[in-house]
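The values are calculated or read from the model by the stated rules, or taken from the named source; none is laboratory data. Since this is a predicted model, take the numbers as computed values, not measurements. Neighbour counts run over all protein chains shown; Cβ positions are idealised from the backbone, glycine included. Side chains included, ligands, DNA and RNA excluded: accessible areas come from the protein's heavy atoms. Shrake-Rupley method; radii C 1.70, N 1.55, O 1.52, S 1.80 Å.
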Amino acid sequence: MKKVSIFVLLLSLVVTLTACTTSTPTSPPTAAPTAAPTAAPTEPPPPPPPGDDLFELALITDLGTIDDKSFNQGSWEGLVKYAEEQGIAHKYYQPAEQSENAYLDTIELAVKGGAKVIVTPGFLFEVPVFIAQDLYPEVCFILVDGVPHNEDYSVFQTNDNVVGLLYAEEEAGFLAGYAAVRDGATSLGFMGGMAVPAVIRFGYGFVQGAEYAAQELGLADNSVRLNYHYTGGFNATPEIQTMSAAWFADRIDVIFGCGGAVGNSVMAAAEESGGYVIGVDVDQSGESPTVISSAMKGLRESVYSAISDYYAGAFPGGQALVFTSKNAGVGLPMESSKFDLFTQEEYDTIFAKLMDGEIELLKDTDADHVTDLPVKAVVITYFD
């Protein structure tokens, strides 16, 4: 496949609302010192005690790893970019396990390590941050892909020291499904990770994009095959690679690998089978020559912007900010995409329709199951 003309995905975020519950710095501090203050000239300063370093900016990973080339890494890169520009000490932490207690323990560790801002990427942090926002009112939390609530969803509360960053994944998935069918693919696969709201929205959008393109092209009913599966996690596994290989062997043209390192297993199968992959969250074109495009959301840019606002004294606490096509929060990286037929002009046209609200999409809360989506051209085969 060949590259199409360049499209640069920009994220312009303006968030100037309330600050954290404690006073917020108005200018970026320098990195935490690694030596004790200078003593009198006649007395050399003592060496710092072990563990004396403080890390003002912190990120706690979700189920994946910091180098997942996807969700965690995109968020981390936004933090690192700001920290390195301003000379601020920073660190990431990885919980020992997937549990509320493990997440809270790791938050406590970051706070003891000097964190003033903690980025928590992932839906699974909603309950831990709900608790932590009261335990550490002097710390600001950037909750990516979620809003704080209690365990039974009976109370939703976002304090002034928390901002939620949400994305229209259904729009990003829609663009990916639309582009795939417009490019000539009529056999598609969706390999999702854990069936959390963000992943479900990606999948629902992918189905609706394929249907929209099929209708535009005048394809017959039941003419587009779409295999659909949630793996239940965000790790690369031999089982995922085996299933993906079986799909490619069954003449699936392209699989949307939507779940962090899940995509790496799909890519491995594609490389062996001659298939193609759509990446997720960030531009994954560098991960494999099989990646023809990626359903992106502005993780790096939105995290960077929220941290920048904190140091400008304008942290948007108490808010849930939503990034959509209207504020360039989602899209495809057309500059690195490798389509045969789908053009930049076609992309610009469909993107404008999303921006203008001409296309209305169903989200995770609008259908109980992917097979409930109203489609005619697309035939969904669901794999448990």
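Here is how the numbers come out for the structure above:
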read-out: Segment 353-379 residues that are within 15 Å of residue 215 (Cα to Cα), paired with ones that are of a type in the set (Lys, Arg) (beta carbon under 7 Å, 6 or more apart); value: 359/353; 379/225
read-out: Residue 282, sole failed condition from (1) among the hydrophobic types (A, V, I, L, M, F, W, C); (2) under 24 Å from residue 147 (Cα atoms); (3) surrounded by fewer than 23 Cβ atoms within 10 Å (Cβ to Cβ); value: (3)
read-out: Residue ID - farthest from residue 99 (Cα to Cα), chosen from residues in segment 65-81 that are open to solvent by 10 Å² or more (accessible area, probe 1.4 Å) and not acidic (Asp, Glu); value: 81
read-out: Residue under evaluation residue 242, criteria (1) more than 25 Å from residue 303 (Cα to Cα); (2) surrounded by 24 or more Cβ atoms within 10 Å (Cβ to Cβ); (3) polar (S, T, N, Q), criterion not met; value: (2)
read-out: In segment 285-308, the residues that are of a type outside the set (S, T, N, Q) and either open to solvent by 20 Å² or more (accessible area, probe 1.4 Å) or in a loop (DSSP other than H, G, I, E, B) (or both); value: 286, 287, 289, 296, 298, 300, 301, 304
read-out: Test: residue in segment 41-53 that is modelled with pLDDT under 50, more than 30 Å from residue 259 (Cβ to Cβ) and β-branched (Val, Ile, Thr); value: yes
read-out: Test result for residue 365, open to solvent by 40 Å² or more (accessible area, probe 1.4 Å), over 24 Å from residue 159 (Cβ atoms), within 22 Å of the chain's Cα centre (by Cα) and of a type in the set (Val, Ile, Thr); value: yes
read-out: Lone unmet requirement of (1) modelled with pLDDT of 95 or more; (2) at negative phi for residue 286; value: (1)
read-out: Residue check, residue 104 under 17 Å from residue 162 (Cβ atoms), at pLDDT 95 or above, open to solvent by 10 Å² or more (accessible area, probe 1.4 Å) and among the aliphatic types (A, V, I, L, M); value: yes
read-out: Flag if residue 208 is of a type in the set (S, T, N, Q), on the phi < 0 side of the Ramachandran plot and crowded, with 24+ Cβ neighbours inside 10 Å; value: yes
read-out: Any chance residue 158 is hydroxyl-bearing (Ser, Thr, Tyr), over 27 Å from residue 92 (Cα atoms) and open to solvent by 10 Å² or more (accessible area, probe 1.4 Å); value: no
read-out: Per-region count, segment 120-177, residues more than 30 Å from residue 353 (Cα to Cα) and not in a loop (DSSP other than H, G, I, E, B); value: 19
read-out: Extreme residue, most open to solvent (accessible area, probe 1.4 Å), among residues of segment 248-274 that are within 21 Å of residue 338 (Cα to Cα) and either over 24 Å from the mean Cα position of the chain (by Cα) or without any contact (Cβ under 8 Å) to a residue 12 or more places away in the chain (or both); value: 251
read-out: Lone unmet requirement of (1) free of Cβ contacts under 8 Å to residues at least 24 places away in the same chain; (2) out of contact with any His (no Cβ under 6 Å at 6 or more places or on another chain); (3) open to solvent by less than 30 Å² (accessible area, probe 1.4 Å) for residue 126; value: (2)
read-out: Hits in segment 189-242 (condition: outside any loop (DSSP other than H, G, I, E, B), β-branched (Val, Ile, Thr) and within 25 Å of residue 122 (Cα to Cα)); value: 199, 200, 207, 240
read-out: Scope segment 309-329; condition closer than 26 Å to residue 171 by Cα and buried (at least 22 other Cβ atoms within 10 Å of the Cβ); matching residues; value: 316, 317, 323, 325, 329
read-out: Any hit, segment 129-147, residues being open to solvent by less than 10 Å² (accessible area, probe 1.4 Å) and more than 22 Å from residue 55 (Cβ to Cβ); value: yes
read-out: Residue within segment 289-296 that is at pLDDT below 95, closer than 22 Å to residue 207 by Cβ and within 14 Å of the chain's Cα centre (by Cα) present; value: no
read-out: Top-ranked residue in segment 107-123 [being over 22 Å from residue 155 (Cα atoms) and of a type outside the set (Val, Ile, Thr); ranked as surrounded by the fewest Cβ atoms within 10 Å (Cβ to Cβ)]; value: 112
read-out: Output for segment 330-360, where each listed residue is surrounded by fewer than 19 Cβ atoms within 10 Å (Cβ to Cβ), closer than 16 Å to residue 216 by Cβ and hydrophobic (A, V, I, L, M, F, W, C); value: 341, 352, 359
